[in-house]
Number of protein chains: 2
Amino acid sequence: METSGAPRRLRGAASWLLGQATTHAHRLVSEALGAVDARRYHYSLLAALDEFGPASQAELGRRGGLDRSDVVATVNELEQKGFVERRPDPGDKRRNIVTVTPSGMAHLRHLDRVLGQAQESLLAPLSEAEREELVRMLNTVLEHHG
Amino acid sequence: METSGAPRRLRGAASWLLGQATTHAHRLVSEALGAVDARRYHYSLLAALDEFGPASQAELGRRGGLDRSDVVATVNELEQKGFVERRPDPGDKRRNIVTVTPSGMAHLRHLDRVLGQAQESLLAPLSEAEREELVRMLNTVLEHHG
DNA sequence: CCCGATCGTTGGCATCGCCAACAAGTGGGT
DNA sequence: ACCCACTTGTTGGCGATGCCAACGATCGGG
């Protein structure tokens with residue numbers, strides 16, 4: 001019997017490993033974004049606009065997995081900073097059409113660099129091949145979950 | 001020139017891929033834990049106690065990366081549920097010694113199963129070899145930043 | 001004996017992800 | 001033309017998370 005009050009078995013690493021790692025990544029990204037007065041939502045929105053072009057707020061929410069109410073607040077902030085423009089859709093009076101401004105594009109490229117550095121520091125201990133493999137697996141997981 | 005108002009380049013996936021994936025994992029874990037009336041902090045604390053044995057609250061915080069104030073709240077909850085015991089350290093009147101109860105151990109094993117299922121569903125699209133590789137890489141990353 | 005460090009605790013803050021409700025508008029069916 | 005289901009933007013709220021500042025009590029070293 002290997003019981004007794006001794007320490008314990010090695011915890012089923014995989015379960016919590018995920019939690020630990022995601023928390024770590026989360027923190028790095030948030031720190032990096034916070035340093036340039038941005039938040040995750042800002043990047044989600046700008047990136048979605050850059051990739052797929054102008055859209056209504058609801059559509060933007062769908063692209064980036066944001067709730068409609070959070071899109072409102074985020075667009076408010078980005079608009080106030082001059083990074084996006086919000087104007088009524090002539091063809092559908094319910095919708096607003098959101099567009100990135102040149103200033104917004106510059107900001108996005110800035111955020112890209114900042115996030116790249118965060119990722120660089122997070123994945124520092126992995127080789128180039130490993131990083132590619134990791135990215136590939138993450139893509140697989142994301143695609144599988146829609 | 002393939003410019004014009006057309007869509008855009010493929011966003012530097014790696015940067016945001018991390019964010020997307022961690023968000024996903026985060027949500028799965030939180031859902032799974034919420035379904036059994038638990039939170040991430042609960043598991044962090046119970047797991048730390050199981051692995052390294054009884055400890056003061058500050059020590060528990062260090063083990064699991066929790067803030068002292070969050071340890072207070074979490075121990076309150078776990079104590080009220082009968083999963084841990086908190087009693088003064090006879091050798092140091094500043095400290096409380098926190099211990100897992102048998103009921104707490106049972107709960108922890110329950111949480112282990114629940115988290116295992118969450119991980120199972122998250123990593124579903126990966127082969128066994130890939131999962132091992134992923135876990136290995138995550139461990140590498142965590143140790144490096146440890 | 002004094003001073004710096006540690007401990008538990010309280011209270012606060014910003015972000016995040018989500019949900020409910022509402023008014024305005026749209027589109028399809030009849 | 002009317003009704004009805006649905007979408008959209010907006011407001012307001014909730015709980016979890018990860019932090020930080022301050023406090024009073026206590027401890028340990030000089």
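The values are calculated or read from the model by the stated rules, or taken from the named source; none is laboratory data. Just so you know, these numbers come straight off a predicted model, no measurement behind them. With ideal geometry, Cβ positions are generated from the backbone for all residues, glycine too; neighbour counts draw on all protein chains shown.
Since A:ASP89 meets every condition but one in (1) within 10 Å of DNA strand C (Cβ to nearest atom); (2) surrounded by 18 or more Cβ atoms within 10 Å (Cβ to Cβ), which condition does it not meet? Tallying (1) within 10 Å of DNA strand C (Cβ to nearest atom); (2) surrounded by 18 or more Cβ atoms within 10 Å (Cβ to Cβ), A:ASP89 fails exactly one: (2). On the stretch given as the range B:49-76, residues that are assigned to a helix (DSSP H, G or I) and within 12 Å of B:GLY104 (Cβ to Cβ) total 3. In this structure, is A:LEU66 modelled with pLDDT of 90 or more and farther than 25 Å from A:PRO125 by Cβ? Against the criterion (modelled with pLDDT of 90 or more and farther than 25 Å from A:PRO125 by Cβ), A:LEU66 qualifies.
Flag set for B:ARG131, criterion: within 30 Å of A:ARG136 (Cα to Cα) and outside any strand (DSSP E or B). Applying the criterion of being within 18 Å of the chain's Cα centre (by Cα), more than 7 Å from chain B (Cβ to nearest Cβ) and on the phi < 0 side of the Ramachandran plot to the residues of the range A:132-146, the residue that is surrounded by the most Cβ atoms within 10 Å (Cβ to Cβ) is A:ARG136. Residues of the range B:116-128 that are in contact with a Leu (Cβ under 8 Å, 6 or more places away or on another chain) and either in a loop (DSSP other than H, G, I, E, B) or at the interface with another protein chain (Cβ under 7 Å from one of its Cβ atoms) (or both): B:GLN119, B:LEU122, B:LEU123, B:LEU126.
Every listed requirement among (1) within 14 Å of DNA strand D (Cβ to nearest atom); (2) in a helix (DSSP H, G or I); (3) more than 14 Å from chain A (Cβ to nearest Cβ) is met by B:SER44 save one, (3). Applying the set (1) in contact (Cβ under 8 Å) with a residue 40 or more places away in the chain; (2) over 14 Å from B:GLU77 (Cα atoms); (3) not small (Gly, Ala, Ser) to B:ARG63 leaves exactly one unmet item: (1).
Is at least one residue of the range A:98-114 over 22 Å from B:HIS24 (Cα atoms), small (Gly, Ala, Ser), more than 12 Å from the chain's Cα centre (by Cα) and within 16 Å of DNA strand C (Cβ to nearest atom)? Looking for residues that are over 22 Å from B:HIS24 (Cα atoms), small (Gly, Ala, Ser), more than 12 Å from the chain's Cα centre (by Cα) and within 16 Å of DNA strand C (Cβ to nearest atom), one finds none in the range A:98-114, hence no. Among the residues in the range A:89-102, are any away from DNA strand D (no atom under 16 Å from the Cβ), touching a residue at least 12 places away in the same chain (Cβ under 8 Å) and farther than 20 Å from B:GLY19 by Cβ? Scanning the range A:89-102, I find at least one residue that is away from DNA strand D (no atom under 16 Å from the Cβ), touching a residue at least 12 places away in the same chain (Cβ under 8 Å) and farther than 20 Å from B:GLY19 by Cβ, so the answer is yes. Among the candidates A:GLN80, A:GLN57, the residue that is over 21 Å from A:HIS26 (Cα atoms) and crowded, with 16+ Cβ neighbours inside 10 Å is uniquely A:GLN57.
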